[in-house]
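A.B. asks: Quick one: this structure, given as structure tokens, is what I'll be asking you about.
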Amino acid sequence: MSNWNRHFTTLSLSFCMFLSLSACRQERKISRTDKNPIAVFTKQDTTFILQAILDHRPLDSLLSFAFKGRQLKIVKDSIITSNLPLIKNNKPVLFVEVDSTNDELRRWYDPKFFMRVTKLVFKSASEVEGVVYFKAIGLLCVYKLSKDDVRSWKIFYYHFYST
């Protein structure tokens, strides 16, 4: 496939994804339980929360247009300060220190598979709000997760925005 065809395909897929997001914003609510007010969070909690987001099928269906099979890179910042053992597309996630405001990350003809965690707020011992951003395709994802009885994190709300 020539470079022009590859770039045109990437642009077409990005545009289709933009239209689908604009036409049908997805919002889901799932029932939740446990309202324990004592919050104790570990690096393991953060790992499980981010892995739940990365494994989320609706998100994966949007990312597969532009990034199928590519290795994800998460930008380190004040929220994500160290490497975590995460997997996406059957590959370990890399952690990088780049300027996530750089326009190079948002080139339509060669989108970069970078994710930035812009918010990770623990609301209680069993509930967290998280926001992740894929600048290259203009996708902002808002998530709410709760910890279930077996101590694993489950998504009970999500919403996707096109930026």
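The values are calculated or read from the model by the stated rules, or taken from the named source; none is laboratory data. This structure is a prediction, so every number in the text was calculated from the model and none was measured. Cβ placement follows ideal geometry from the backbone for every residue including glycine, while neighbour counts extend to all protein chains displayed.
A.B. asks: Here is a check on your reading of the model: is Thr81 at pLDDT 85 or above, crowded, with 16+ Cβ neighbours inside 10 Å and among the hydroxyl-bearing types (Ser, Thr, Tyr)? Show your work before the answer.
C.D. replies: On the way: at pLDDT 85 or above: yes; crowded, with 16+ Cβ neighbours inside 10 Å: no; among the hydroxyl-bearing types (Ser, Thr, Tyr): yes.
Criteria not met by Thr81.
A.B. asks: Could you grab me the full set of residues in segment 127-151 that are farther than 22 Å from Lys68 by Cβ and modelled with pLDDT under 90?
C.D. replies: Matches in segment 127-151: Asp148, Asp149, Val150, Arg151.
Yes or no, residue by residue, for (1) outside any helix (DSSP H, G or I); (2) at pLDDT below 80; (3) surrounded by 17 or more Cβ atoms within 10 Å (Cβ to Cβ):
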site: His7; (1), (2), (3): no, yes, no
site: Met17; (1), (2), (3): no, yes, yes
site: Ser22; (1), (2), (3): no, yes, no
site: Asn36; (1), (2), (3): yes, yes, no
site: Val40; (1), (2), (3): yes, yes, no
site: Arg70; (1), (2), (3): yes, no, no
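A.B. asks: What number of residues in segment 74-90 are under 15 Å from Gly130 (Cβ atoms) and part of a loop (DSSP other than H, G, I, E, B)? Quick ask: steps written out before the conclusion?
C.D. replies: Of all residues in segment 74-90, those under 15 Å from Gly130 (Cβ atoms) come to 74-75, 77-80, 84, 86.
The next check asks that each one be part of a loop (DSSP other than H, G, I, E, B); those that pass are 77-80, 84, 86.
Result for segment 74-90: 6.
A.B. asks: Testing Asp55 on (1) more than 30 Å from Asp149 (Cβ to Cβ); (2) modelled with pLDDT of 90 or more; (3) surrounded by 13 or more Cβ atoms within 10 Å (Cβ to Cβ); (4) not aliphatic (A, V, I, L, M), one condition comes back false. Which one is that?
C.D. replies: (1)
For (1) among the acidic types (Asp, Glu); (2) touching a residue at least 40 places away in the same chain (Cβ under 8 Å); (3) farther than 18 Å from Asp60 by Cα, each residue gets a yes or a no:
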{"site": "Thr118", "(1), (2), (3)": "no, no, yes"}
{"site": "Ser124", "(1), (2), (3)": "no, yes, yes"}
{"site": "Phe134", "(1), (2), (3)": "no, yes, no"}
{"site": "Gly138", "(1), (2), (3)": "no, yes, no"}
{"site": "Val150", "(1), (2), (3)": "no, no, yes"}
{"site": "Lys154", "(1), (2), (3)": "no, yes, no"}
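A.B. asks: Count, please, the residues in segment 126-140 that happen to be within 15 Å of Ile80 (Cβ to Cβ), crowded, with 20+ Cβ neighbours inside 10 Å and out of contact with any Leu (no Cβ under 6 Å at 6 or more places or on another chain).
C.D. replies: Qualifying residue count, segment 126-140: 2.
A.B. asks: What number of residues within segment 108-125 satisfy the criterion of being in contact with a helix residue (DSSP H, G or I) (Cβ under 6 Å, 6 or more places away or on another chain) and buried (at least 16 other Cβ atoms within 10 Å of the Cβ)?
C.D. replies: Residues of segment 108-125 that are in contact with a helix residue (DSSP H, G or I) (Cβ under 6 Å, 6 or more places away or on another chain), as a first pass: 108-109, 111-114.
Those left that are additionally buried (at least 16 other Cβ atoms within 10 Å of the Cβ): 111-114.
Of the residues in that region, 4 qualify.
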